[in-house]
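Student: Quick one: structure below, then a few questions.
The values are calculated or read from the model by the stated rules, or taken from the named source; none is laboratory data. No experiment lies behind these values; they were computed from the predicted model shown. No Cβ is skipped: glycine too gets one built from the backbone with ideal geometry, and neighbour counts run over all protein chains shown. Surface areas here come from the heavy atoms of the whole protein model, side chains and all, with no ligands, DNA or RNA. Shrake-Rupley method; radii C 1.70, N 1.55, O 1.52, S 1.80 Å.
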Amino acid sequence: MITLENLSKSFGSTLAVDSLSFEVAAGKVTGFLGPNGAGKTTSMRMLLGLDAPSGGRALINGVSYGQLAAPLRTVGALLEPRTGHRGQRADSHLCGLARSNSIPVSRVRAVLEEVGLAEAAKRRIGTFSLGMRQRLGIAAALLGDPEVLIFDEPVNGLDADGVAWIRGLMRAKAASGATVFVSSHLMSEMQSTADHLVVIGRGKLLADESMDNVLAASAQNSVIVASPQAGELATALQRAGYTVVAASEGRLKVIGASPEVVGGIAHTMGVRVNELGGRQASLEQAYTELTAQSLDYVPTRIGESS
Ligand SMILES: Nc1ncnc2c1ncn2[C@@H]1O[C@H](COP(=O)(O)OP(=O)(O)OP(=O)(O)O)[C@@H](O)[C@H]1O
């Protein structure tokens, strides 16, 4: 489990992370979303002991990274695609990491196979493609068979196969009980990967909700309804406060409503309904609404109200 307690970070006069508090539960993939400069990488770096908090605490299984007895056995992270020296062979790089973290060297072969790099084990890292380097970074993260995984933009620059592979890996790790915390700007990918979302903007928490709740809260959810008395129904729906627009083939699109509400109003009026169906907003739409106030990020200056 990951816990942030009033976590803050300032760089000079820039408040990058502003009193963030949330928990990331085990057994789920939790997506970490926010516009550029929102503070995602900085938060992850503090979790991994790479940046010191200006205030608050970042904990993994209840302790700070520095207090973990065997860090790689508890948490595996992918923060940058670069890993190891260009002239080093992939297996030597991982063997070095294993030895310095008291991890059996037999794990090297296992993780190279798990990430699909077994045949490239003896190749120099400098000859790897971006996708292979990303897989090697993930192999390093998996080396200690950790129960917590932290991935910052793991699908950046990957082709469709690589993206699908990382999605499958994260889903499988969460299904086997791991805590998986992943940032991404690719909303459609996140929608098919994450169970839960933490959304931040300008260093502050905007949402900490299940994927289902985030999607259900979108004002872009709508209902398509067909009725021989469409005009009458539209007037009643507008009176009830809904926006009604014309959809294809004489249907109505009722924005922000549920099928139950539209069906209920039609029933009360005694209006016949031939078709009634909900259209769920995409994560892209829900996310855009959530972060509308946080775009065009201008760092908060300490002492200013945001
Ligand atoms: N080492 C640093 N020195 C000064 N400012 C920094 C440093 N690291 C981050 N920042 C600033 O802190 C803010 C948050 O940056 P961060 O990289 O954490 O955001 P992010 O959400 O990961 O953004 P992106 O989606 O673009 O990767 C930005 O204003 C950034 O410029």
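Student: Taking the range 84-102 as the search range and keeping residues that are more than 15 Å from residue 145 (Cα to Cα) and of a type in the set (Lys, Arg), which one is modelled with the lowest pLDDT?
Tutor: 86
Student: While we're looking at this one, here's another question. Which one of these is over 19 Å from residue 290 (Cα atoms), of a type outside the set (Phe, Trp, Tyr) and open to solvent by less than 60 Å² (accessible area, probe 1.4 Å): 215, 197, 158? Working first, answer last.
Tutor: On the way: 215 fails: over 19 Å from residue 290 (Cα atoms); 197 fails: over 19 Å from residue 290 (Cα atoms).
158 is the lone residue from the list that is over 19 Å from residue 290 (Cα atoms), of a type outside the set (Phe, Trp, Tyr) and open to solvent by less than 60 Å² (accessible area, probe 1.4 Å).
Student: Restricting to the range 116-135, name every residue that is outside any loop (DSSP other than H, G, I, E, B) and either out of contact with any Phe, Trp or Tyr (no Cβ under 8 Å at 6 or more places or on another chain) or open to solvent by 40 Å² or more (accessible area, probe 1.4 Å) (or both).
Tutor: Within the range 116-135, the subset outside any loop (DSSP other than H, G, I, E, B) is 118-120, 124-127, 130-135.
Correct list: 118, 119, 124, 125, 126, 127, 130, 131, 132, 133, 134, 135.
Student: Let me ask something additional. Are any residues in the range 1-13 open to solvent by 10 Å² or more (accessible area, probe 1.4 Å) and part of a strand (DSSP E or B), and if so, which ones?
Tutor: Residues satisfying the conditions are 3, 5, 6, 8, 9, 10, 11.
Student: Those residues that are in contact with a helix residue (DSSP H, G or I) (Cβ under 7 Å, 6 or more places away or on another chain), open to solvent by 40 Å² or more (accessible area, probe 1.4 Å) and more than 26 Å from residue 26 (Cβ to Cβ), I need them from the range 86-115; list them, please.
Tutor: Result: 86, 87, 88, 105.
Student: Keeping to the range 14-66, report how many residues are within 11 Å of the ligand (Cβ to nearest atom), crowded, with 16+ Cβ neighbours inside 10 Å and part of a loop (DSSP other than H, G, I, E, B).
Tutor: 6
Student: Can you tell me which residue within the range 168-194, out of those that are of a type in the set (D, E, K, R) and at pLDDT 95 or above, is surrounded by the fewest Cβ atoms within 10 Å (Cβ to Cβ)?
Tutor: We begin by selecting, within the range 168-194, every residue of a type in the set (D, E, K, R); these are 171, 173, 189.
Next cut, at pLDDT 95 or above only: 171, 173.
Numbers: 171: 16, 173: 20.
Applying the filter and picking the extreme gives 171.
Student: On to the next question. Sort out which residues of the range 235-283 are under 30 Å from the mean Cα position of the chain (by Cα) and open to solvent by 60 Å² or more (accessible area, probe 1.4 Å), and write them in order of number.
Tutor: 279, 280
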